[in-house]
Amino acid sequence: MPELSDLVIPLLIYCARIVDVSIGTIRMIMVISGHRLVSAVLGFVEVLVWVLAVGGVVKGGFDDPYAVIAFAGGYATGTLVGMTIERRLALGYRVVRVINPSPDLRLGSGMIEKGYPCTRIEGDSGTSAVEVLFFTIPRKRVIKLTEEIVRVSPDAFISVERAERVSGYVDVLGKPRERFPWGRFGSLRK
C-alpha cells in the first residue's frame, strides 16, 4: 500500500492531464471553426500544462506505476471532460435539412412563424410531392428545432451537418446579427 505522499505527484499528474486534454479538445474545435487567435492561446496553455505533466512522470521515473497510470487515466478522463465541455458550449452553426413527406402540413411556414429562418423548396420523391426545408441556426438551437419539427411532422427526414461559414445570418428570434460580433476585432477570429 503506497503512502499518501507517494500519491501526491500521480494525483497532480492526473489533474494536469485532465486540464491539458480538455483544453486540447476545445482547441481542436476552435481550429476547425476557424478561431485562430483563441486556438493559439489555448494551444499555449495546453502545452504548458502538458510539459508540467510529462515533467512529473519523467521526474518520478517511468518505474512509478502510479504516475504512469495517472498520466494515462488523466488523458482518458480529459477526453471525456473536454467532450462534455464542448457539447455544453455548442459552438458554431448547423445546417438542418428536412424532407417533409406531407407538404400539405406547410411545415416551413409554421417554422418561420415560430421564428426559425428557413428556405423552402418544393420537391418530388419519385412517388409523391415533398417539402424540402433548409435551416442555418446556432448549434445550441438544433435540438429545440428538431423536436418542433418532429412534433408537427413525425415522418419528416432530418439531417444535420456543420456549417463551415455563415454570413448574413438572421437570429432565430428574427433579429439581424452582426457578421462579426466583436466589432472590428471580429476578423481576428478567422
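Read-outs throughout are calculated quantities, based only on the coordinates presented, and are distinct from any laboratory measurement. The shown structure was predicted, so the numbers you read here are calculated from the model rather than taken from an experiment. In this analysis, Cβ positions are derived from the backbone assuming ideal geometry, glycine residues included, and neighbour counts consider all displayed protein chains.
Calculate, for V150 and L52, the FRET efficiency according to 1/(1 + (r/R0)^6) with r their C-beta to C-beta distance and R0 35 Å; round to the nearest 0.05.
That gives a FRET efficiency of 0.15.
How far, in nm, would the chain grow between V8 and R97 when pulled straight, counting 0.36 nm per residue and subtracting the alpha carbon separation?
Fully extending the segment from V8 to R97 adds 26.9 nm.
On a straight-distance basis, which aspartates and glutamates could pair with K114 in a cross-link, Cα separation under 14 angstrom, same-chain partners fewer than 8 positions away excluded?
Reachable aspartates and glutamates: E147, E148, D171.
Only counting other Cβ atoms within 10 Å, I'd like E148, E122 sorted with the fewest neighbours first.
Going from least to most buried by this count: E122, E148.
Do you know the relative contact order of region 4-89, to the nearest whole percent, from alpha carbon pairs under 8 angstrom that are 6+ apart?
50 percent
Taking 0.36 nm per residue of sequence separation and subtracting the Cα-Cα distance, how much length would be gained by fully extending the chain between M83 and K114, in nm to one decimal?
8.1 nm
Using the number of other C-beta atoms within 10 angstrom as an exposure proxy, rank I149, I121 with the fewest first.
Ascending number of Cβ neighbours within 10 Å: I121, I149.
Restricted to Cα positions, what overall size does region 16-122 have along the principal axes? Three whole-Å values, descending.
Rounded to whole Å, the extents work out to 70, 29, 19 Å.
Where the centroid of each part is defined by its Cα atoms, how far is region 62-82 from region 111-165 in Å?
Result: 42 Å between the Cα centres.
Neighbouring Cβ atoms within 10 Å as the yardstick, rank R141, R36 fewest first.
Fewest to most other Cβ atoms nearby, the residues stand as R36, R141.
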